[in-house]
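In what follows, a structure is listed as structure tokens, so that the remarks can point back to it.
The values are calculated or read from the model by the stated rules, or taken from the named source; none is laboratory data. From a predicted model like this one, the values you see are computed outputs, not experimental measurements. Here the Cβ is made from the backbone with ideal geometry for all residues, glycine too, and neighbour counts use every protein chain on show. Accessible surface areas use protein heavy atoms only, side chains included; no ligands, DNA or RNA. Shrake-Rupley method; radii C 1.70, N 1.55, O 1.52, S 1.80 Å.
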Amino acid sequence: MPAQKPLIGVTLDAEPGAPGAFSRFPYYALRQHYLDAITHAGGIPVALGHHPNHAEALMARLDGLVITGGAFDLDPALYGEAPHPQTTPQPQRTTAERALLRAALARDLPILGICGGMQLLAVAFGGTLIQHIPDTHPNALPHEQPNPRDEPGHTIAITPGTHLATMTHATTMRVNSSHHQAVRTPGALRISAHAPDGIIEAVEHPEHPFRLGVQWHPEFLIDPADRNIFASLVETARSTA
Ligand SMILES: N[C@@H](CCC(=O)NCCCC(=O)O)C(=O)O
């Protein structure tokens, strides 16, 4: 009997609703790329709403977790800082995602954090963030790339000997970029990729086979190695289900 496809939870963005928007009422939102990338890798994606009290029951039924990105920022109080003027928290989403992350960690599930999700993962392991790259890194690359997000914005160098290097079989990747913040210190995680300007582009847990955060959006599948990331997530979820 073929192995069952693993169920991979995927966090959602939330919009308040407005006349002329998708709905006048509050709604969840998510680009289709996320669910498509998991499906193409052999998993079954499951969209997760913002109900922290469901987190443990949900992760008990799921085999992995993807914490997606969004046009918002973590509350800097989570890493001991005062807010920067350019920092825009989304408390309801962060509360829900922190509960899902805690529940997934407690069950030793594979976790992929994408963009803002990488930042949440780093902070959960004691890391800190750069709240607004242009202020502290004036010579940085344009990490909010001017060209379309389905095109590469810059390259990254992958740290040899890391899980990211092993799963991608790559030393460099071409990635898109859509962020104004970045990981400043990785806490208990290790750095597995940098941009040419030194900005941290990936972090991972050194002992766990798949607790990975990436600053770019691999769900666009721009670089062939992006497919390896989702394949490794699904295979880890399948083998540990
Ligand atoms: N706080 C982060 C958020 C970056 C991020 O998740 N961007 C994604 C944009 C929307 C999307 O396409 O998902 C930062 O700005 O650094």
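Odds and ends about this structure:
- Residue in segment 12-35 that is acidic (Asp, Glu), outside any strand (DSSP E or B) and closer than 30 Å to Pro134 by Cα present: no
- Residues within segment 127-151 that are in contact (Cβ under 8 Å) with a residue 60 or more places away in the chain, away from the ligand (no atom under 12 Å from the Cβ) and more than 23 Å from Val10 (Cα to Cα), tallied: 2
- Considering residues of segment 203-228 that are aliphatic (A, V, I, L, M) and within 12 Å of the chain's Cα centre (by Cα) only, the residue farthest from Ala124 (Cα to Cα): Val214
- Sub-8 Å Cβ pairs linking a first residue in segment 10-38 that is open to solvent by 90 Å² or more (accessible area, probe 1.4 Å) to a second residue that is part of a strand (DSSP E or B), at least 6 apart or interchain, are Phe22/Glu15; Phe22/Ala29; Pro26/Ala14; Pro26/Glu15; Tyr28/Asp13; Tyr28/Ala14; Tyr28/Glu15; Tyr28/Ala47, ordered by first then second residue.
- Evaluating Pro6 against the criteria (1) closer than 28 Å to Ala193 by Cβ; (2) open to solvent by 40 Å² or more (accessible area, probe 1.4 Å) leaves one unmet condition, (2).
- Only residues that are farther than 15 Å from His208 by Cα and open to solvent by 20 Å² or more (accessible area, probe 1.4 Å) were counted across segment 220-237, and they come to 8.
- Taken together, the residues in segment 135-148 that are open to solvent by 70 Å² or more (accessible area, probe 1.4 Å) and either touching a Gly at 6+ places or on another chain (Cβ under 8 Å) or among the acidic types (Asp, Glu) (or both) amount to 3.
- Highlighted here are the strands (runs of 3 or more DSSP E) found entirely within segment 54-165 that include at least 2 residues which are over 25 Å from Ile44 (Cβ atoms): 128-130, 154-158.
- Just so you know, in segment 190-219 the residues that are surrounded by 21 or more Cβ atoms within 10 Å (Cβ to Cβ) and acidic (Asp, Glu) include one that is farthest from Ala231 (Cα to Cα), and it is Glu201.
- Per-region count, segment 149-167, residues open to solvent by less than 70 Å² (accessible area, probe 1.4 Å) and over 25 Å from Phe210 (Cα atoms): 1
- For Gln86, the conditions (1) surrounded by fewer than 17 Cβ atoms within 10 Å (Cβ to Cβ); (2) at pLDDT 95 or above all hold with the exception of (2).
- Restricting segment 170-210 to residues that are part of a loop (DSSP other than H, G, I, E, B) and of a type in the set (A, V, I, L, M), the residue that is farthest from Gly113 (Cα to Cα): Ala170
- Within segment 39-56, being open to solvent by less than 20 Å² (accessible area, probe 1.4 Å) and over 22 Å from Gln90 (Cα atoms) holds for Gly42, Gly43.
- Some residue of segment 206-218 being among the acidic types (Asp, Glu) and within 14 Å of the ligand (Cβ to nearest atom): no
- When the test is whether a residue is under 18 Å from the mean Cα position of the chain (by Cα), within 16 Å of the ligand (Cβ to nearest atom), surrounded by 14 or more Cβ atoms within 10 Å (Cβ to Cβ) and among the hydrophobic types (A, V, I, L, M, F, W, C), Leu78 passes it.
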